[in-house]
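The values are calculated or read from the model by the stated rules, or taken from the named source; none is laboratory data. Owing to the predicted nature of the structure, the values given are computational and were not obtained by experimental measurement. Here the Cβ positions follow ideal geometry from the backbone for every residue, glycine too, while neighbour counts run over all protein chains shown. Side chains are part of the model used for accessible areas, which takes the heavy atoms of the whole protein and leaves out ligands, DNA and RNA. Shrake-Rupley method; radii C 1.70, N 1.55, O 1.52, S 1.80 Å.
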Amino acid sequence: MKLNSHNDWSPLKEIIVGSARNYTAHDRELSFDVFFHEHLFRSDWAYPRLKKSSGPSAGTRWQIHERYVEELNEDVEGLADTLQKLGIIVHRPVILPPDAPAIRGFGWEAMPVPALNIRDNTLILGDEIIETPPAIRSRYLETRLLTPLFKKYYDEGARWTTMPRPVLTDASFDLSYVRDTQNTMGGPTEPVENPLPSPYDVGFEMMLDGAQCLKLGRDIIVNVANANHATAFEWLRRHLEDRYRLHQIYRMSDNHIDTMLLALRPGVFLARHEGIREMLPDPFRKWQFIVPPPPESDSFPKYDESDLVLTSPYIDLNVLSLSPTDVLVNQACAGLIRVLENARFNVIPVQHRHRRLFGGGLHCFTLDTVRDSVLEDLQ
Ligand SMILES: NC(=[NH2+])NCCC[C@H](N)C(=O)O
């Protein structure tokens, strides 16, 4: 079918489900530590690791326990099956080969990860695929694992755009957010390495993930927390100015917003807290806010010191809507399910155990390409 996805709630027809195959380690280097900075700290919620050297592997490779990788694969395949059984066409990325070589940029090297959190590096807007500029080096080639699918949609008439690719030297990153202790979740956080100079430095560069954007028909809300996001926002604004109204929200979170705010249908948000209302453009402040009870610690597997936890406990807010009434939700979240059912949503529970170790929930792991949708003005 032709690429067509204008929002997160219209009836879902086609989707890409990420692949977790061969996700064996996290590469701890500057870009990774900057991106996940809020989670690299000491607390009961997030599990402590204040020194790289205390990890299970030497150097910067943070090995993930094999059992968790296997269970993750089981859950991701289960998610793909569930969607298929519901009559939705499910596509998959190219599997990252186990011996894939390191990615080498100018002055840096990082091991690639599979195309798992595919919500992040692509933004689908109507009939356009926009590849967004990655902020993590190990993800630099991630969308190449989606190329066969993007090529198919292109052949069927989609637009296919790539935002300017950053060089990603140490000096490319605006560190003001991670160095501003007010913005971390209550430290101490792990220190970010000192950036090293490089002959390829160009100053702060564009970086932005699709998951920083919330599609509300003609209105698009974009979270901007640093200078990297701000320049990328400006690119998007110029690129889309004839078709969309872009709204910049300052620091709703460190980067992604799909565990802060999701639109379940016109007029209804699922939100982490009521305070988000004040951050929104006027017309959207009137929408209903469904705020689930805080996550319960017993809905997560127990991890230990050697498990690197990459998300907040709010990760399960990251639901995937199949229609204005049907929502896919992590089965471990009784409170969230109750609240959605009380609001008359039809909840389809799915198993997803290790979302905190791999940085993503059901919305992050998927990229909807076709919804029975039109571009609406919801103001
Ligand atoms: N698209 C994604 N990868 N979203 C995940 C966001 C997780 C968010 N940083 C949290 O910890 O709650």
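Each Lys and Arg Cβ is given +1 and each Asp and Glu Cβ -1; about its Cα centre, the range 217-332 then shows a dipole of about 680 debye.
Out of every Cα-Cα pair that the range 256-308 contains, those further apart than 17 angstrom amount to 47 percent. Summarising the amide proton neighbourhood of ILE290: residues at separation of 5 or more, or on other chains, whose placed amide H is nearer than 5 Å comprise PHE269, LEU270, ALA271.
Is the C-alpha gyration tensor of the chain telling us rounded, prolate or oblate? Criteria: a/c under 1.5 is rounded; beyond that, a/b larger than b/c is prolate, otherwise oblate. Since a/c stays below 1.5, the shape of the chain is classed as rounded. Partners of LYS286 within straight-line reach, counting aspartates and glutamates whose Cα lies under 17 Å from its Cα and excluding those fewer than 8 residues away in the same chain: ASP219, GLU274, GLU278, ASP377. Specify the inter-centroid distance of the range 1-26 and the range 302-379, based on alpha-carbon positions, in whole Å. Taking the Cα centre of each part, the range 1-26 and the range 302-379 sit 13 Å apart.
Counting only Cβ charges, +1 for Lys and Arg and -1 for Asp and Glu, the dipole size of the range 312-361 around its Cα centre is about 160 debye. Using label points projected 7 Å from each Cα along Cα→Cβ, tell me how many nm separate ARG67 and ASP298, to one decimal. A separation of 2.0 nm, rounded to one decimal place. Element breakdown for the chain at a 1.4 angstrom probe: carbon and sulfur atoms account for 52% of the accessible area. For the range 81-141, the Cα gyration tensor yields ellipsoid semi-axes of 27, 17, 8 Å (square root of five times each eigenvalue, largest first, whole Å).
Each residue of the range 14-24 was assigned a 3J(HN,Hα) from its phi angle through the Karplus expression (A = 6.51, B = -1.76, C = 1.60, θ = phi - 60°), giving 9, 8, 9, 10, x, 10, 9, 4, 6, 8, 10 Hz with x at Gly and Pro. Dividing the summed -39500 (n - 2.57) terms of all DSSP H runs of n ≥ 4 by the residue count of the chain sets its mean residue ellipticity at 222 nm at -5000 deg cm²/dmol.
Summarising the amide proton neighbourhood of GLY105: residues at separation of 5 or more, or on other chains, whose placed amide H is nearer than 5 Å comprise ALA110. Comparing LEU125, PHE204, ASN318 along the charge dipole axis of the chain, the residue lying farthest to the positive side is LEU125, per the Cβ-charge model.
The phi torsions of the range 363-374, fed into the Karplus equation with coefficients 6.51, -1.76 and 1.60 and a -60° offset, translate into couplings of 6, 5, 7, 10, 9, 7, 10, 9, 10, 6, 9, 10 Hz, rounded to whole numbers, with Gly and Pro shown as x. Here the spin labels are modelled as points 7 Å beyond Cα on the Cα-Cβ line, and at GLU341 and ASP180 they lie 4.2 nm apart. Per residue, the chain exposes an accessible area of 40 Å² to a 1.4 Å probe, with every protein chain left in place. Please work out the Cα center distance from the range 221-245 to the range 79-133, rounded to the nearest Å. Distance between centres, Cα-based: 22 Å. Listed here are the pairs LYS13/LYS152; LYS85/LYS215; LYS2/LYS152; LYS2/LYS85; LYS151/LYS215; which of them are more than 19 Å apart at the Cα? The answer is LYS85/LYS215; LYS2/LYS85; LYS151/LYS215. Here the 3J(HN,Hα) profile of the range 266-278, calculated from phi with Karplus coefficients 6.51, -1.76 and 1.60 at θ = phi - 60°, is x, x, 9, 10, 9, 10, 6, 7, 5, x, 5, 3, 5 Hz, Gly and Pro shown as x.
Rounded if a/c is under 1.5, else prolate if a/b is larger than b/c, else oblate: which is the range 217-327, with a ≥ b ≥ c the root eigenvalues of its Cα gyration tensor? The shape class here is oblate.
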